[in-house]
Amino acid sequence: MPIDTSAKIFVAGHRGLVGSAVVRKLYQLGCTNLILRTHSDLDLTNQSAVESFFADEKPQYVILAAAKVGGIHANNTYPADFITINLQIQTNVIVSSFNHKVQKLLFLGSSCIYPKFAPQPIPENALLTAPLEPTNEWYAIAKIAGIKMCQAYRLQHNFDAISAMPTNLYGTNDNFHPENSHVLPALLRRFHEAKVNNLDKVVVWGTGSPLREFLHVDDLADAVVFLLENYSDLEHVNVGSGKEVSIKELAELVKEVVGFKGELVWDSTKPDGTPRKLMDTSKLVGLGWTPKISLRDGLVDTYKWYLENYGKQ
Ligand SMILES: NC(=O)C1=CN([C@@H]2O[C@H](COP(=O)(O)OP(=O)(O)OC[C@H]3O[C@@H](n4cnc5c(N)ncnc54)[C@H](OP(=O)(O)O)[C@@H]3O)[C@@H](O)[C@H]2O)C=CC1
Ligand SMILES: C[C@H]1O[C@H](OP(=O)(O)OP(=O)(O)OC[C@H]2O[C@@H](n3cnc4c(=O)[nH]c(N)nc43)[C@H](O)[C@@H]2O)[C@@H](O)[C@@H](O)C1=O
């Protein structure tokens, strides 16, 4: 049922790529009672601080978009951080949400929960059917544990906790860190810097052959609200665009959007990761949701935002 615009909604991770898009969406819908805390105000790995926060604020809805997130290099380099921090955050928020009678919680996982060689497109029931992609299995295991925890609280306590599994996301407020970011923001920054510094080439990681699906974060935020209003069941739900491109095609598209005229150089010492991870989104489409923003339009908008916020540096 439609979200009550006066309801107390805690958006955990509200400054991040996903959290900020969800906040924009909820404000657009007329929500007037969002509860927002920065990482420095409320460290979600601190169990007693989270418990006190929920006891004081008693939110009615929780959207869990806070996590330790990064691209293939970051996941491959900091496995202990990715499994520990994400297990701590999600456990603290899910348990305290239940303890303080939150009406509904939406947990955000990721497409990396699926086996490295899952059937394509990947259906929700491919979960735990084969080995994971080694470069991000620690993060994936944490996310799978989050799905299972939401299921366990529904089975034992009838707690309305649902899980959404987005594909690779991009958009405004993304992480543009040169090493630890995801591919799309990393390339946007690298091509931009090459253009403004008149470089003649840009290094792209891997072989360029892996395929990736991309969804603009505003579409994801729309899907998050749609699921909060229309879905309450045990199984997680894939959220994607249904369209995939090779990393080479993506690099060419970013090059074109940025207007870089030089050449691409491939650094095959960097990992390719999962060869493909196109999600089967027929379950979500069957519920009545479809994405709206094309990759080209989304890239153009994101680069425009990048120029307004970082272009002068
Ligand atoms: N980006 C992507 O391509 C995809 C993301 N997802 C999922 O979406 C969710 C959000 O990801 P995304 O928005 O990209 O990530 P971001 O890194 O952009 O945002 C994460 C947010 O969580 C906050 N945060 C991190 N640690 C803590 C903590 N200990 N206490 C409080 N807040 C904390 C961060 O605050 P601060 O920066 O101040 O530390 C930040 O605001 C995650 O669950 C992720 O797994 C799923 C699929 C794809
Ligand atoms: C959403 C999903 O995202 C992550 O999985 P991933 O999709 O493999 O992550 P990625 O975006 O970092 O890489 C995608 C592809 O792109 C190639 N690639 C080229 N050049 C750059 C580059 O400059 N940076 C990066 N990061 N990748 C590059 C890179 O070699 C790889 O082949 C998970 O860690 C996890 O966070 C998760 O759930």
Practice task
Can you give me the number of residues within the stretch 118-167 that are touching a residue at least 40 places away in the same chain (Cβ under 8 Å), touching a Lys or Arg at 6+ places or on another chain (Cβ under 7 Å), within 28 Å of residue 180 (Cβ to Cβ) and away from ligand 2 (no atom under 14 Å from the Cβ)?
Solution key: 1
Practice task
Would you confirm whether any residue within the stretch 176-199 is on the phi < 0 side of the Ramachandran plot, assigned to a strand (DSSP E or B), surrounded by 17 or more Cβ atoms within 10 Å (Cβ to Cβ) and at pLDDT 95 or above?
Solution key: no
Completion exercise
Reported set for the stretch 273-282 where residues are open to solvent by 50 Å² or more (accessible area, probe 1.4 Å) and under 18 Å from residue 112 (Cα atoms) is 275, 276
Problem - residue 232 within 15 Å of ligand 2 (Cβ to nearest atom), of a type in the set (S, T, N, Q), closer than 30 Å to residue 28 by Cβ and open to solvent by 20 Å² or more (accessible area, probe 1.4 Å) - result: no
Handout entry: Residues satisfying the stated conditions in the stretch 283-304, i.e. open to solvent by 30 Å² or more (accessible area, probe 1.4 Å), within 16 Å of ligand 1 (Cβ to nearest atom), among the hydrophobic types (A, V, I, L, M, F, W, C) and more than 21 Å from residue 71 (Cα to Cα)
Key = 293
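Here's the yes/no breakdown for (1) more than 10 Å from ligand 1 (Cβ to nearest atom); (2) at pLDDT 95 or above; (3) closer than 23 Å to residue 181 by Cβ; (4) buried (at least 22 other Cβ atoms within 10 Å of the Cβ):
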| position | (1), (2), (3), (4) |
| --- | --- |
| 19 | no, yes, yes, yes |
| 66 | no, yes, yes, yes |
| 77 | yes, yes, yes, no |
| 94 | yes, yes, no, yes |
Exercise for the section: Return a yes/no flag: does the stretch 286-293 have any residue that is within 29 Å of residue 222 (Cβ to Cβ), of a type in the set (Phe, Trp, Tyr) and not in a strand (DSSP E or B). Expected result: yes
Fill in the blank from the handout: Restricting the stretch 112-136 to residues that are over 26 Å from residue 285 (Cα atoms) and open to solvent by 60 Å² or more (accessible area, probe 1.4 Å), the one farthest from ligand 1 (Cβ to nearest atom) turns out to be 131
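The values are calculated or read from the model by the stated rules, or taken from the named source; none is laboratory data. Since the model is a prediction, treat every value here as computed from it, not as a measurement. We place every Cβ from the backbone using ideal geometry, glycine too, and count neighbours over all the protein chains shown. Please note that ligands, DNA and RNA were not included when accessible areas were found on the heavy atoms of the full protein model with its side chains. Shrake-Rupley method; radii C 1.70, N 1.55, O 1.52, S 1.80 Å.
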